[in-house]
Each structure stands twice: as C-alpha cells, then as structure tokens.
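A.B. asks: Following this message is one structure expressed as structure tokens.
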Amino acid sequence: MKDFIGAIDQGTTSSRFIVFDRAGRVVSIAQKEHAQHTPRPGWIEHDADEIFRNVRETAAEALIRAGIGAADLHAVGITNQRETTVLWNRRTGRPLHRALVWQDTRTDRLVAEYSADGGKQRFAGHTGLPLASYFSGLKLQWLLDTVPDARAMAEAGDALFGTIDTWLAWNLCGQHATDVTNASRTQLMDMATLDWSPAMLDAFRIPRACLPCIVASSGLVGTVVRGDELHDVPVASLIGDQQAALVGQVCFAPGEAKNTYGTGNFLLLNTGVQPVASRSGLITTVAYKLGDAPAAYALEGSIAVTGALLHWLRDNLGIIRNAAEADSLAASVSDTGGVYIVPAFSGLYAPYWREDARGVICGLTRYANRAHICRAALEAAAYQTYDVVQAMAADSGIPLAQLRVDGGMVRSEPLMQFQSDILDAQVIRPAVTETTALGAAYAAGLATGFWSGTDELRSHWQADRSWSSTMACAERARLLEGWRRAVAKSFEESKQAVLF
C-alpha cells in the first residue's frame, strides 16, 4: 500500500524533499543549498540546471532515509519560490540565461517607465499587483529583450517561460504547466478569469506562445518520466510556496491567516472566493484552487528580507556561523541596545513598495556588539511583520488577535516572543513547522484521494507552542517610534544613510 506523499520544496536558498505519512507527519527530509549569483548590485540569479539536479538528489536521499522507494509514494507535490523567472529552449531543454530571482531589481527602470503612465497601481485592477520589480512579467520582458534571439524564439514557441514550478514540471513530467497561484504572481494573469490577460501580454510585449497552461493547485499534472528517483510517481500539485503554507496551516476559512518566516516573510489572509482589492499596500493574490472547486483568494503582505538578513550576517560580514548562533547571541542580551536594522537589500516591499529604499543600521554606539546586531536582525522580521499586520487590518477591518507562524525562523524563541510583544497578539507555532512542503503534499493528496478532504486535513493540525505579549504599551510605542525613524532613514539618499 502506498502510505506516503512526497513534497518538493524548492526555495530561494535550497531545495528540499520531504516525505509525509497519512497523518501529515514528517518521515524524512533531505536538503541541499544552491549558489546565489550576484553579478551586479541588485541582480540575483540562480542556475536552473543546478536546482533541478538538487531536486533529484534530495528526492533520492530522502527516500533512502525513509527506507522506502518511489513505488511507496502515492504522489508528489511541488511548491516553489514564486516569481523567480526561467526561460529555456524547448528543443534542448537548456536555460537561455540564469533564472532571475524574485528579489532581483534589474527591472526597476521598466517599473518606472510603466508607472509614469498611470502610477504603480496601473494594472492592479485586474492583476491584483502593483508595478514592482518583484513580479515575473517584467523579468520575462527583460530576458526577451536582452538574450540574443530570445524574443524570436519565444514568438515561435521555441523558447518557454516558467516559474520554478513550471521548470520542474517540464523536466520531471514533460508538461509545460503552472498553477493559478504562481500565475497570479506574474502580473500577466487576469484575477477574474484565471487565464492569461491579453491586455497585459500586449502591455508587456509577451508572446503567448511561450507561456505555460494554467492549472489548479491540486490536480494531476503528469507522471515522472525523467530520473529513477521518482519514476512513474504522479505529480499532483503545483502551488507557490506561501500559498502552500496557507494550505499547510489549514487556513481554509475566510479570516484565517498565517505568516511564514523564511528568506523573506509572507503573511497571507484568506479572503474567500472573491478577491479583495487592497488600499493599504498589500497584494491581492490567488490563495489556492483545489480541483474543480472555485479558487480562493488572499491578501498578502510580502517582505523581501528577513531570514536572508541572517545569511548576510554569515556570508557577507562573517559575524555568525549559522542561524542557531545568531539566535543564541540574540538571547544573550535583553534588547538591541538601541540598534535597528532595516534590511532593504531589494528596496522595501509591502506595505511601502519603495524600490529606492536602501538598507540601514541605525543607533550604533560603542556599546553595541554582535549580540545586539543579531537581536536587531531578528527584531527586523517582527517590525516588518507589524507593518504588514497594520495594513491588513486596515484592508480587512479585522484586527489580528492570533497569528499562525511557520518557516525556519520560528524556532527562534527570542523572535517569537518579540513578535507577540510588538503585535500585542498571540503567536502560535504548529507541531509540524514544515507547512510549505506539507501544503504541497496536502494538495497532491487531495487530488489523488490520499486524503478525503479539508476536514481530514484540519484534524491533523496541532499547536506546538504559543506566545502571548508581556510588553507594556508605553514600551511598545517607544520601540515602534524608533522603527519608524529607521524606515524613514532607509528612504533617504544613499549619501545620508549607512548603506548595506
């Protein structure tokens, strides 16, 4: 009997394969990092071939650790870093350029040009998204205009576009497909029709022949035909990583929210079967589509840099060896000593949408040491989340009393307590924190009958730990005022700010 579901969790810094059992418990995990290529300031690229190799290697390793084979998997789901953009040759299967990562800002000039005629909300009415370098459509335009012969190949259908889910589906199953959640992040899909928008394709000069077909988040995509690791296993879900975490946290009812702490932070609020337009700097996105059921929508607050700040402390400054050391150092001091970090490596996303913002460290004195820097790095994730929660309450009219959290950073006790303190809300960590991969597994299991429905999935969810605020109102107000001053400094010209 096939008692396991596999999930490919392809993220910004690594690829993972996780095996789950019928209770939604983790059986085994394998993980492998991939290189971050930064050829110029603001440019961030990935090697798509390296990513696919890592996916295959982690699948093989996870199955060995679980003591099972591909034949024991009922199905596999794929979840992915969303807006990262790949363009490849249909005939050879080779990428025409390194993948442009969602954090990459090389399309700032295009954003400014399109914004000059109608502002950043010019296309938000039917795409749900502001103009920003974040999304895939303008990244694809840049590739088509920059890579030799790419536009002609795309118009002929010989060059194919995809986000990472599409790249993996193509390589594993030979299917050129994406799901509604990933398509909703391209700024090329109409939120009402859930199909490619002729108006957006015309505006961004994108040939339809290079685009994948759009499918449900939960549904059979194809069967693995490449590689022995997963040979003949059905691929039964494609879903963007943050929407997958919403499913993994079983937030199926309107008003339920989760926050994922990863490379960046992403807070999603389920708004039901009708999209809700944001007036406060949030994104309207597709939450998921389970089979033939109507799509659910969400408001999202996207934060570019949270966990990535710890990588920066490790790789660029060399003041920590890993995230665990940062956490230990942060816990060794009671506060930041007045230090604030605004990690605007790629500008600031929600709710500001300021590509011109630059990273700053404020409040440094001779007293500050690396422990204060580490604590300020953790607190930066909480402050940015606070800004998004405020915007979400303004849009939805629902003040947040409880926040479900997941992702790598939720293992940090200092961060979780500070998050509760600064929000003045309960923060709850689930027993299974691998909710992104779990959401992909759930979507694949629902499509193939491994699980009976969302009620069964809800029965699996259990809390592991919760935090409640212990901070006085006056202290919260003082800290938030300091954060607002730090954010204001990130908007100043570079000669007036301490730059990362």
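The values are calculated or read from the model by the stated rules, or taken from the named source; none is laboratory data. Bear in mind the structure is a predicted one, so any value in this text is a computation, not a measurement. Using ideal geometry, Cβ is built from the backbone for each residue, glycine included, and neighbour counts are taken over all protein chains shown. Note: accessible area is taken over every heavy atom of the protein model, side chains too, but ligands, DNA and RNA are not part of it. Shrake-Rupley method; radii C 1.70, N 1.55, O 1.52, S 1.80 Å.
A.B. asks: Mind listing whichever residues of region 68-105 are touching a Gly at 6+ places or on another chain (Cβ under 7 Å) and of a type in the set (A, V, I, L, M, F, W, C)?
C.D. replies: Result: LEU73, ALA75, VAL76, VAL86.
A.B. asks: Then there's this: With the condition being touching a Phe, Trp or Tyr at 6+ places or on another chain (Cβ under 9 Å) and of a type outside the set (A, V, I, L, M, F, W, C), I'd like the helices (runs of 4 or more DSSP H) fully within region 88-180 carrying at least 2 qualifying residues.
C.D. replies: It comes to 136-146.
A.B. asks: Would you mind stating whether ASP158 is under 30 Å from VAL233 (Cβ atoms), open to solvent by 10 Å² or more (accessible area, probe 1.4 Å), over 22 Å from the mean Cα position of the chain (by Cα) and at pLDDT 95 or above?
C.D. replies: yes
A.B. asks: Taking the options ALA391, ALA380, ALA331, ALA323, name whichever one is more than 26 Å from ALA132 (Cβ to Cβ), touching a residue at least 40 places away in the same chain (Cβ under 8 Å) and in contact with a Pro (Cβ under 8 Å, 6 or more places away or on another chain).
C.D. replies: Among ALA391, ALA380, ALA331, ALA323, only ALA331 is more than 26 Å from ALA132 (Cβ to Cβ), touching a residue at least 40 places away in the same chain (Cβ under 8 Å) and in contact with a Pro (Cβ under 8 Å, 6 or more places away or on another chain).
A.B. asks: Among the candidates ARG358, ARG314, ARG321, ARG375, single out the residue that is outside any strand (DSSP E or B) and open to solvent by less than 40 Å² (accessible area, probe 1.4 Å).
C.D. replies: Of the residues listed, the single one that is outside any strand (DSSP E or B) and open to solvent by less than 40 Å² (accessible area, probe 1.4 Å) is ARG375.
A.B. asks: Here is a check on your reading of the model: is SER133 closer than 23 Å to PRO351 by Cβ, touching a strand residue (DSSP E or B) at 6+ places or on another chain (Cβ under 6 Å) and open to solvent by less than 30 Å² (accessible area, probe 1.4 Å)?
C.D. replies: So SER133 does not fit the description; no.
A.B. asks: Report yes if some residue within region 275-288 is among the hydrophobic types (A, V, I, L, M, F, W, C), open to solvent by less than 40 Å² (accessible area, probe 1.4 Å), touching a Ser or Thr at 6+ places or on another chain (Cβ under 8 Å) and closer than 22 Å to SER237 by Cα; otherwise report no.
C.D. replies: yes
A.B. asks: Next question, about the same structure. Could you give me the residue pairs with C-beta distances under 9 Å whose first residue belongs to region 410-438 and is within 8 Å of TRP467 (Cβ to Cβ) and among the hydrophobic types (A, V, I, L, M, F, W, C), whose second residue is in a helix (DSSP H, G or I) and modelled with pLDDT of 95 or more wherever it lies, and which are 6+ apart or on separate chains?
C.D. replies: Every condition considered, the pairs that remain are MET416/ALA382; VAL427/MET416; VAL427/GLN417; VAL427/GLN419; VAL427/SER420.
A.B. asks: Can you tell me which residue within region 200-240, out of those that are farther than 16 Å from ALA177 by Cα and charged (D, E, K, R), is surrounded by the most Cβ atoms within 10 Å (Cβ to Cβ)?
C.D. replies: Out of the qualifying residues, it is GLU229.
A.B. asks: Run THR107 past the list (1) touching a strand residue (DSSP E or B) at 6+ places or on another chain (Cβ under 6 Å); (2) under 19 Å from THR12 (Cβ atoms) and report the number of the one that doesn't hold.
C.D. replies: That leaves (1) as the condition not met.
A.B. asks: OK, next. If I go through region 392-407 residue by residue, how many of them are open to solvent by 10 Å² or more (accessible area, probe 1.4 Å) and closer than 25 Å to ALA244 by Cβ?
C.D. replies: Number satisfying all stated conditions: 10.
A.B. asks: Any residue at all in region 24-33 that's within 17 Å of TRP167 (Cβ to Cβ), modelled with pLDDT of 95 or more and surrounded by 16 or more Cβ atoms within 10 Å (Cβ to Cβ)?
C.D. replies: Yes, region 24-33 has at least one match.
A.B. asks: Sticking with this one: Going by what's in this entry, would LEU329 be described as buried (at least 17 other Cβ atoms within 10 Å of the Cβ) and of a type in the set (A, V, I, L, M)?
C.D. replies: Answer is yes for this residue.
A.B. asks: Consider PRO254 carefully, then state whether it is surrounded by 17 or more Cβ atoms within 10 Å (Cβ to Cβ), touching a Ser or Thr at 6+ places or on another chain (Cβ under 9 Å), free of Cβ contacts under 8 Å to residues at least 24 places away in the same chain and more than 30 Å from ARG91 (Cα to Cα).
C.D. replies: Criteria met by PRO254.
A.B. asks: Can you name the number of the only condition in (1) open to solvent by less than 40 Å² (accessible area, probe 1.4 Å); (2) modelled with pLDDT under 95; (3) more than 23 Å from the chain's Cα centre (by Cα) that ARG82 fails?
C.D. replies: Only one criterion is unmet by ARG82, namely (3).
A.B. asks: In addition: Out of ALA497, ALA444, ALA437, ALA486, report the one residue that is buried (at least 19 other Cβ atoms within 10 Å of the Cβ), at pLDDT below 95 and in contact with a strand residue (DSSP E or B) (Cβ under 9 Å, 6 or more places away or on another chain).
C.D. replies: Every option except ALA497 fails the conditions.
A.B. asks: Does THR454 fit the bill of being touching a residue at least 12 places away in the same chain (Cβ under 8 Å), in contact with a Pro (Cβ under 7 Å, 6 or more places away or on another chain) and either open to solvent by less than 10 Å² (accessible area, probe 1.4 Å) or closer than 24 Å to GLY219 by Cβ (or both)?
C.D. replies: So THR454 does not fit the description; no.
A.B. asks: Hey, HIS74 hits all of (1) open to solvent by less than 20 Å² (accessible area, probe 1.4 Å); (2) in a strand (DSSP E or B); (3) within 25 Å of ALA287 (Cβ to Cβ) but one; which does it fall short on?
C.D. replies: The one condition HIS74 does not meet is (1).
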